[in-house]
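*Asks:* To start, I am sharing the structure in question, which I have written as structure tokens.
We did not get these values from a lab; they are worked out from the coordinates using the rules stated. Fair warning: this is a prediction, and the values are worked out from it, not measured in the lab. Cβ coordinates were reconstructed from backbone atoms using ideal geometry, including for glycine residues, and neighbour counts include every protein chain displayed.
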């Protein structure tokens, strides 16, 4: 009898519960990183290495852009998802005009 009650009442309630919302990974990053600073770092790397930079080239430029020694390890994380971050932030390579 208890099993029947469980199947008739509790089980439909469990399946009727709303599904958790899907979140973009960047929302999780915003709790750890300053997203504006991350975007600026990606922009600096793109300006120096280009948008089609390999992971190795990205990491090399990242290490020159990020000056804090403790943050150098974040270059691996940034460069693993370099193309996705460029797309997400809609980053394009900017050139500075030479002053005459």
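*Asks:* Obtain the nm distance between the two label points defined at residue 48 and residue 69 by a simple spin-label model: each point lies 7 Å from its Cα along the Cα-to-C-beta direction.
*Replies:* 1.9
*Asks:* Can you tell me the FRET efficiency between residue 40 and residue 81 if r is taken as the Cβ-Cβ distance and R0 is 22 Å, rounded to the nearest 0.05?
*Replies:* 0.85
*Asks:* Any idea what Rg and Dmax come out to for segment 45-91 if you just take the C-alpha atoms, in Å?
*Replies:* 9.9, 28
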